[in-house]
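Each remark here refers to the structure printed beneath this line.
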């Protein structure tokens with residue numbers, strides 16, 4: 001593009017793992033395409049990673065090398081600092097802060113960093129006239145940050161729902177398809193490299209909770225508040241639950257829901273039942289889906305790969321292209337100083353609940369449980385006692401709409417009945 | 001937002017039908033929200049419509065009134081001309097040209113105008129340093145123009161697929177669900193107000209074809225070429241075809257496909273079979289879906305309301321918000337002068353085909369048809385002859401992959417066999 005008039009946009013790339021190499025490949029493969037669309041060249045000037053000698057299968061020889069990402073972030077010859085190292089403290093945080101201080105825009109794929117420090121980083125970036133973009137931090141290749149911040153900018157957002165951790169959805173999908181238990185599939189994921197170094201980030205719902213907290217901030221104009229996300233992982237989802245849910249026309253998903261209520265902001269990332277024939281219920285394998293509900297637009301569903309080299313690098317480069325084209329938005333869609341401090345509300349939006357428990361097989365056991373529910377104000381929609389070869393009776397109850405508080409209240413009383421074997425399972429049935 | 005520093009963004013709104021009133025309602029309801037997100041007020045200054053006295057249920061008293069949209073477009077006190085009148089000639093075209101000449105940016109919901117004159121309008125807008133945005137012109141509330149132009153800006157686009165006319169999808173879905181024929185449901189849509197004034201724009205695939213041609217231009221960096229879209233409407237889709245497709249695990253959709261091939265740009269909007277369990281196959285009713293395939297991102301699926309006051313106004317206002325925030329992109333994602341003149345390729349990408357025909361019930365009839373296929377190089381995957389109370393035999397053939405040309409060649413020879421009753425049906429089976 002010899003006719004381009006603006007100088008090239010210069011990238012400093014911190015991190016040469018899967019995503020970083022994906023970025024290098026796009027820049028090298030699509031130089032002309034990027035220049036045609038941005039009206040200027042987009043080029044990598046310098047990179048940083050731990051091991052300069054590691055064979056990476058791409059030619060990095062024309063880029064300056066920095067062993068310290070903070071040194072990279074401070075370079076005077078870059079316009080954008082691209083952070084794809086990960087980790088919410090240490091080098092990622094220090095380098096991002098250094099980049100802003102040095103007057104650079106930042107593009108990051110780091111959901112943990114922003115979930116923990118997003119508000120402070122946004123404030124300092126905006127004070128410095130700099131931009132932080134993070135499309136790749138949520139739902140991989142799906143342009144959901146853009147859809148929410150820009151595409152739905154004229155909507156009051158009612159609710160954000162999503163399946164945002166591919167590994168969890170893979171495990172849950174495979175449990176249903178193969179009849180293999182959680183532990184078997186967890187081990188399979190470990191072998192396939194689908195798990196974070198700390199697997200609890202995935203299966204504990206933390207990674208997905210990070211993402212939800214970022215979407216919440218944009219959707220509701222509030223400061224990121226990851227600590228307020230109600231988190232429950234998938235470790236205790238059993239084949240029994242998956243099978244019983246299926247028999248009733250539901251699937252179990254690790255579902256994120258954020259909504260603003262009269263009591264405050266509800267954010268939860270928990271296993272839920274959703275209708276099997278809904279778009280979320282039909283989502284198989286490692287794919288991600290985010291549903292955005294706005295007062296004018298209604299329901300928008302976005303689906304795509306939530307991880308992987310190509311999709312994540314595509315999202316990083318979308319942010320880079322925005323900057324190359326001169327698009328400059330506040331990190332969370334409005335000035336950080338104008339974001340409200342959210343009132344975190346423990347989920348009070350009522351829902352139907354799936355309750356599964358095992359009772360001692362003696363007269364009146366079921367009546368005692370029903371009494372506990374009634375006393376907590378929870379009414380029963382369906383109750384089934386299953387055939388049981390042993391001495392104990394598995395029971396499934398679907399309630400009419402009730403709050404989490406009422407359900408917890410009832411569950412608290414179950415223990416005192418003396419008829420329960422083990423702990424009951426309580427899963428929300430989300431209307432989607 | 002007394003602290004906003006930029007002056008308000010001033011809208012001139014041409015058209016007060018469903019979409020125009022939706023825009024008015026958003027601006028009136030969400031003044032604070034828009035100002036917080038844009039960093040400046042967004043206000044309507046003047047409006048235009050045919051009848052100033054019509055009761056519209058909203059307060060328009062604070063807006064200047066122009067009976068002529070061209071006069072509105074020329075006003076010196078607006079920044080953005082919002083065109084939601086429709087029609088690809090006459091007032092819409094004249095007013096859009098006048099707005100650009102007067103130095104205003106343009107936001108339009110008018111797919112017909114852009115499908116016919118988009119390249120010329122983009123050239124003149126860019127020569128004048130002005131921007132034309134058209135999110136509302138394609139797939140209603142779904143932010144698909146943004147996703148393709150910006151979210152996937154670093155991808156080479158491989159294919160764009162979509163169900164982009166809600167009325168057609170409603171008719172096809174209801175035919176399967178109710179067993180009512182096309183004509184009955186066409187009349188129902190007319191009564192419900194689901195049809196354009198010229199219904200052939202909907203059921204003939206023209207409206208959806210307009211939309212596809214706009215996506216093609218962005219996806220492949222080519223000048224809009226609506227005339228090159230292969231169009232086939234849904235008027236001839238029969239209950240027999242819907243039932244036979246379902247029996248094989250498919251659904252029939254009016255499907256738009258655009259892809260760049262070695263021979264040129266293929267664009268088609270035709271009834272196709274898609275797997276019933278794919279996202280496109282599962283799409284019910286008036287909803288729209290667009291699937292974007294990029295070399296890095298893989299497959300992104302976007303789903304939402306394709307029409308209606310709220311969703312379409314949401315998309316119009318997303319473009320307005322982009323302008324208010326200072327986001328300025330070339331109409332088709334790169335300078336119009338750099339868009340290639342596409343070589344229109346008649347579809348040559350091979351596919352499996354669904355062929356249904358009625359044969360005279362006499363010996364050797366089926367063999368003659370099979371011979372025609374074989375001579376055209378088309379091999380047969382499945383063939384079924386159905387039970388038949390009358391004298392003629394309904395036959396269903398699914399071919400292995402073949403080009404449109406080969407299929408047309410075979411069909412041309414069918415006539416000469418003298419065994420065919422009526423015209424055969426040929427529908428592409430699209431891999432999605």
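Just to confirm my numbers, what's the Cα centroid distance between region B:137-199 and region B:315-368 in Å?
Between the Cα centre of region B:137-199 and that of region B:315-368, the gap is 13 Å.
Over its Cα atoms, what ratio of radius of gyration to 2.2 N^0.38 Å does region A:9-137 give?
On the way: Rg = 13.9 Å, N = 129, 2.2 N^0.38 = 13.9 Å.
Relative to the rule-of-thumb radius for its length, region A:9-137 sits at 1.00.
So how tilted is helix B:404-417 from the main axis of chain B? Cα-based, degrees 0 to 90, rounded to 10.
Value to nearest ten degrees: 40.
Take the protein assembly as shown, drop everything but the C-alpha atoms, weight them equally and run the Debye formula without solvent; then report log10 I(q)/I(0) at 0.06, 0.08, 0.11 Å⁻¹ to two decimals.
Those come out to -0.44, -0.77, -1.34, one per q.
Between residue A:177 and residue A:382, what length in nm is gained on full extension when 0.36 nm per residue of separation is reduced by their alpha carbon distance?
Answer, rounded to one decimal: 71.2 nm.
Using a label point 7 Å beyond Cα on the Cα-Cβ vector, give me the inter-copy distances for residue A:421 in nanometres, one decimal, shortest first.
For residue A:421, the inter-copy label distances come out at 6.5 nm.
With a cut-off of 17 Å, note down the residues of region A:397-431 whose backbone N falls inside the zone around a label point 7 Å from the Cα of residue A:361 toward its beta carbon.
From region A:397-431, the list is A:419-422.
Return the percentage of antiparallel bridges among DSSP beta bridges fully within the protein assembly as shown, rounded to the nearest 5 %. Numbers along the way, then the final one.
Values: 103 of 153 bridges.
In the protein assembly as shown, DSSP labels about 65 percent of beta bridges as antiparallel.
Over all directions, what mean area does the Cα convex hull of region A:41-92 project, stated in square nanometres?
4.2
Quick one: label points 7 angstrom along Cα→Cβ at residue A:183, distances to the other copies in nm, smallest first?
6.7
When each pair of different Cα atoms in region B:308-407 is counted once in the 1/r mean, what is the Kirkwood radius in angstroms, to one decimal? Don't skip to the end; give the middle numbers.
Working: mean 1/r = 0.0538 Å⁻¹.
Taking the inverse mean of 1/r over all distinct Cα pairs, region B:308-407 comes out at 18.6 Å.
Average partner chain C-beta neighbours within 10 Å, per residue of B:313-326?
5
Remind me, relative contact order of region B:1-121 in percent, using alpha carbon pairs under 8 angstrom and six or more residues apart? Kindly include the intermediate steps, with their values, before the conclusion.
Numbers: 217 pairs, mean separation 32.1, N = 121.
Relative contact order for region B:1-121 comes out at 26 percent.
If you wrap a convex hull around the alpha carbons of region B:352-429, what volume per residue comes out, as a whole number of Å³?
Values: hull volume 6.0 nm³, N = 78.
Taking only Cα atoms, region B:352-429 has a hull volume of 77 Å³ per residue.
How many partner chain Cβ atoms sit within 10 Å of a residue's Cβ in peptide B:278-287, on average, as a whole number? Provide the component values of the computation, followed by the final result.
Numbers: counts 1, 6, 0, 0, 4, 1, 1, 0, 0, 3.
Going residue by residue through B:278-287 and averaging, the value is 2.
Which whole-number percent is the relative contact order of chain B (Cα, under 8 Å, 6+ apart)?
Values: 926 pairs, mean separation 67.9, N = 432.
Taking the mean separation of contacting Cα pairs over the length of chain B, I get 16 percent.
Nearest 5 percent is fine: what portion of the DSSP beta bridges confined to chain A is antiparallel? Can you show the working numbers first?
Numbers: 50 of 75 bridges.
Given both bridge residues lie in chain A, the antiparallel proportion sits at roughly 65 percent.
Relative to the longest principal axis of the C-alpha atoms of chain A, give the angle of the C-alpha long axis of helix A:182-192, reported between 0 and 90° and rounded to the nearest 10°.
Taking the Cα atoms of chain A, the angle to A:182-192 is about 20 degrees.
Point me to the residue of chain B whose C-beta lies closest to the B-onto-A rotation axis, rounding the distance to whole angstrom.
Chain B residue with minimal Cβ-axis distance: B:327, 2.
Put the label 7 Å from Cα along Cα→Cβ for residue A:235; what are its distances to the other copies, in nanometres, shortest first?
6.4
Using per-residue counts of other Cβ atoms within 10 Å, averaged over each peptide, order A:415-424, A:55-64 from highest down. List each step's numbers first, then the result.
Working: A:415-424: 14.6, A:55-64: 11.4.
Peptide ranking by packing, descending: A:415-424, A:55-64.
So how tilted is helix A:111-127 from the main axis of chain A? Cα-based, degrees 0 to 90, rounded to 10.
50
Give me the orientation-averaged projected area of the Cα convex hull of chain A, in nm², one decimal.
On the way: hull surface 88.9 nm².
Reported value for the Cα convex hull: 22.2 nm².
Give the distance, in whole Å, between the Cα centre of region B:42-62 and the Cα centre of region B:221-290.
After rounding, the separation between the Cα centres reads 39 Å.
Of the residues B:288, B:200, B:110, which exhibits the maximal mean-square fluctuation in a Gaussian network model of chain B defined by a 10 Å Cα contact cut-off?
Looking only at B:288, B:200, B:110, the biggest GNM fluctuation is shown by B:200.
Can you check what the Kirkwood hydrodynamic radius comes to for region A:145-305, Cα pairs only, in Å to one decimal? Each step should come with its number before you reach the end.
Values: mean 1/r = 0.0624 Å⁻¹.
Taking every pair of different Cα atoms in region A:145-305, averaging 1/r and inverting gives 16.0 Å.
Quick check on packing: order B:186-195, A:147-156, B:123-132, A:321-330 by the mean number of other C-beta atoms within 10 Å, highest mean leading. All intermediate terms of the calculation are to be shown ahead of the outcome.
Values: B:186-195: 14.2, A:147-156: 26.3, B:123-132: 18.0, A:321-330: 20.7.
Answer by packing, highest mean first, reads A:147-156, A:321-330, B:123-132, B:186-195.
In whole percent, what relative contact order does region A:145-305 give with Cα contacts below 8 Å and a gap of six or more residues?
Numbers: 300 pairs, mean separation 54.3, N = 161.
Dividing the mean separation by the residue count of region A:145-305 yields 34 percent.
Read the figures in this text as sums done on the coordinates, not as results from a lab. Please read all numbers here as calculations on a predicted model, not as lab measurements. Cβ: placed from backbone, ideal geometry, glycine included. Neighbour counts: every protein chain shown.
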